[in-house]
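Written below as structure tokens is the structure these notes are about.
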Amino acid sequence: MISIRSVGKTYRSRHGEVVDALDDVSLDVREKEFVSIVGPSGCGKSTLLKIIAGLVPASGGEVTIRGRPVREPFPDVGFVFQNAVLLPWRTVLDNVMFSIEMLGLPGNDYRARARDLIELAGLAGFERKYPWELSGGMQQRVALCRALVHDPSVLLMDEPFGALDAMTREEMGLELLRIWEERPKTIFFVTHSIPEAILLADRVVVMTPRPGRLARVLDIALDRPRAVEMEFDPRFKAYSEEIRALIFRPRRERVH
Amino acid sequence: MPAPLGIIRETWEWRWRLLGHTWVTLYETLAGFGLSIAVGTPLAVMLVYSPVLRDAVYPIVVVAQAIPKVAIAPVLLLLLGAGEVSKVVVAFSVAFFPIVVDTATGLAATPPELLDLSRSYRASAFKTFVKVRFPTALPFFFSGLKVAVTLSVIGAVVGEFIGSDKGLGYVIVSATSYWKSNLAFGAMGILAILAMALFGLVELVERLVCPWYAVSERDAGAPAGR
Ligand SMILES: Nc1ncnc2c1ncn2[C@@H]1O[C@H](COP(=O)(O)OP(=O)(O)OP(=O)(O)O)[C@@H](O)[C@H]1O
Ligand SMILES: [Mg+2]
């Protein structure tokens, strides 16, 4: 469904410094696939998401969605960021409806859907609350509803649970899977947590920095629905070790 | 030091004349303050949206701010006459800067993620302004207003000091020259009350317009959404 073909990105700063954020990245993603992206800081994960969304132009190569090249932002996408970035002057429901308003869609047609999503995300009864009345995890659920309310076919998540504590984080991951199973989407999920990447994804993309490259793409053959106990599965451990080796090996080589 | 009782007695004796002078100062203050909002806010919007304009205009605004207003007030009076207009312009000149700077800061404080989100939804720049940037900037705008409104009072009074035959600034200057210190202190007291009342009024409007800010400020000690 999404084809990333030899995508490269070079940032040029005002002082003429050149940063190779991405180099020759290629990946084909199936419809409704869950892809996790892991890699050390600065390896171009956020840049890759922005190129897929058409927010940042690639310096080379191209991204196509259902055969169509991405050249500008397109609305068939939902975003979730590390921080919920809700609008503090809007209620939960109105924050979810923000997407609909910005897209210029008729609010009346989507309000029921927004309520359903809020309920699905475990926030029933909180429609009229304001962001400051919610915990960090609840705010992030609202952000997820906002990203899903217009029913996009692609969901781009940039360390969406990175600001949450470990316990909430695990719970949110499984909840995301539950929602995804009910409303399947093609998901790109950037994370710094290797277990989280494995537990959620169909495939894990491992990236390495300077320049940002794909080191490997792992198929995760664990059954669905996923459960936390799978972390004790020997395959889980094998994946985890493989990813760890890919990320940490180059650094060790540099030290010696 | 004059005794408080003497101040109150003399102020009371002069109450009707003082009321007239208070009205003049209030009127000059509000006109200058209103003018600085009318000019400062659109300018801040332009500064944030146009990098070219920012590079061209911002240094001028800063230089203009660096000139002490007390120093240019006599020149303004010379140019505009000793009437109310010159006081309004002095009040405007001091109130303008905090409004421009704070509003521009607020408009630039929108989380970049929200701008990415708006762009990916292909929302127009105007819609993004109305639904995201402007409300984000409101608490900053109001903190600029709170500084500006008290400065406007000072600006109007400075203008009256330099040359005027009405207003509380004029009362203070002429009462002092006639050794009527009770009356001068009374006028100062009225000025302080006036400035506090205007400040309170702006704060009240702020609470009504952006209640989310007041609440999050109380709870977290920081502006929301940041
Ligand atoms: N707008 C920009 N201008 C210049 N350089 C940039 C810009 N955005 C990102 N970069 C650089 O590109 C590289 C990749 O950045 P990116 O944000 O994509 O990394 P990341 O993998 O998301 O990192 P993190 O895990 O810390 O979020 C970094 O070296 C960064 O400094
Ligand atoms: Mg990033």
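The values are calculated or read from the model by the stated rules, or taken from the named source; none is laboratory data. Since the structure is predicted, the reported quantities are computational estimates derived from the model, not experimental observations. When we count neighbours, we look across all protein chains shown, and the Cβ atoms used for this are built from the backbone with ideal geometry, even at glycine. Surface areas here come from the heavy atoms of the whole protein model, side chains and all, with no ligands, DNA or RNA. Shrake-Rupley method; radii C 1.70, N 1.55, O 1.52, S 1.80 Å.
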Review point. Taking only pairs six or more apart or across chains, which ones have beta-carbon atoms under 8 Å, a first residue in the range A:181-204 that is farther than 20 Å from residue A:120 by Cα and within 14 Å of chain B (Cβ to nearest Cβ), and a second residue that is within 16 Å of ligand 1 (Cβ to nearest atom) and open to solvent by 20 Å² or more (accessible area, probe 1.4 Å)?
Key: A:190/A:46; A:190/A:158; A:190/A:159
Review point. Out of all the residues in the range A:7-56, which are farther than 30 Å from residue A:224 by Cβ, away from ligand 2 (no atom under 16 Å from the Cβ) and part of a loop (DSSP other than H, G, I, E, B)?
Key: A:13, A:14, A:15, A:16, A:17, A:54
Check your understanding: Mind checking whether some residue in the range A:121-129 is over 22 Å from residue B:114 (Cα atoms), aliphatic (A, V, I, L, M) and either away from chain B (no Cβ under 14 Å) or within 16 Å of ligand 2 (Cβ to nearest atom) (or both)?
Key -> yes
Point to revise | Residue pairs meeting the criteria (Cβ under 7 Å; at least 6 apart or on separate chains; first more than 19 Å from residue A:127 (Cβ to Cβ), in the range A:142-166; second of a type in the set (S, T, N, Q) and buried (at least 23 other Cβ atoms within 10 Å of the Cβ)) | key: A:159/A:191; A:160/A:140; A:161/A:140; A:164/A:140
Review point. Can you tell me which residue in the range B:157-215 is nearest to the chain's Cα centre (by Cα), limited to those that are open to solvent by 50 Å² or more (accessible area, probe 1.4 Å) and hydroxyl-bearing (Ser, Thr, Tyr)?
Key: B:170
Point to revise | Where residue A:80 falls short, out of the listed (1) within 14 Å of chain B (Cβ to nearest Cβ); (2) open to solvent by 10 Å² or more (accessible area, probe 1.4 Å); (3) touching a Pro at 6+ places or on another chain (Cβ under 6 Å) | key: (2)
Check your understanding: For the range A:21-42, which residues satisfy the criterion of being surrounded by 13 or more Cβ atoms within 10 Å (Cβ to Cβ) and near ligand 1 (Cβ under 8 Å from one of its atoms)?
Key -> A:21, A:22, A:39, A:40, A:42
Study note, to complete from the structure: For the range A:44-72, the count of residues that are of a type in the set (A, V, I, L, M, F, W, C), within 16 Å of ligand 1 (Cβ to nearest atom) and in contact (Cβ under 8 Å) with a residue 60 or more places away in the chain equals 5
Review point. Is it true that residue A:104 is open to solvent by 10 Å² or more (accessible area, probe 1.4 Å), more than 14 Å from ligand 1 (Cβ to nearest atom) and not acidic (Asp, Glu)?
Key: yes
**Study point:** Selected residue (criterion: farthest from ligand 2 (Cβ to nearest atom)) from residues of the range A:152-171 that are surrounded by fewer than 19 Cβ atoms within 10 Å (Cβ to Cβ) and of a type in the set (A, V, I, L, M, F, W, C)
**Key:** A:167
Check your understanding: Name the residues in the range B:109-137 that are in contact with a Phe, Trp or Tyr (Cβ under 7 Å, 6 or more places away or on another chain) and more than 7 Å from every other protein chain (Cβ to nearest Cβ), would you?
Key -> B:109
Point to revise | Total residues in the range A:93-111, condition within 19 Å of residue A:180 (Cα to Cα) and out of contact with any helix residue (DSSP H, G or I) (no Cβ under 9 Å at 6 or more places or on another chain) | key: 0
Revision key, fill the gap. Taking the range A:1-15 and keeping only residues that are within 12 Å of ligand 1 (Cβ to nearest atom) and loosely packed, with under 15 Cβ neighbours inside 10 Å, one is left with A:10, A:11, A:12, A:13, A:14, A:15
Check your understanding: Of the conditions (1) aromatic (Phe, Trp, Tyr); (2) part of a helix (DSSP H, G or I); (3) outside the structural domain of residue A:239 (by TED's automatic domain parsing), residue A:180 fails just one. Which one is it?
Key -> (3)
Check your understanding: Can you name the residue in the range A:1-33 that is more than 19 Å from the chain's Cα centre (by Cα) and of a type in the set (Lys, Arg) and is also farthest from residue A:61 (Cα to Cα) among such residues?
Key -> A:14
Practice item. From the list A:29, A:38, A:19, A:7, pick out the single residue that is touching a Ser or Thr at 6+ places or on another chain (Cβ under 8 Å), under 17 Å from residue A:246 (Cα atoms) and aliphatic (A, V, I, L, M). Key: A:38
Revision key, fill the gap. If you go through A:87, A:55, the only one that is more than 18 Å from residue A:208 (Cβ to Cβ), within 13 Å of chain B (Cβ to nearest Cβ), more than 19 Å from the chain's Cα centre (by Cα) and open to solvent by less than 30 Å² (accessible area, probe 1.4 Å) is A:87
Check your understanding: within 14 Å of chain B (Cβ to nearest Cβ) and over 21 Å from residue B:118 (Cα atoms) - does that describe any residue in the range A:135-148?
Key -> yes
**Study point:** Members of the range A:185-221 found to be part of a loop (DSSP other than H, G, I, E, B) and either within 14 Å of ligand 1 (Cβ to nearest atom) or buried (at least 17 other Cβ atoms within 10 Å of the Cβ) (or both), listed by number
**Key:** A:185, A:191, A:192, A:193, A:201, A:202, A:209, A:210, A:211, A:212, A:220
Exercise for review: Among the numbered conditions (1) crowded, with 16+ Cβ neighbours inside 10 Å; (2) away from chain B (no Cβ under 13 Å), tell me where residue A:68 comes up short.
Suggested key: (1)
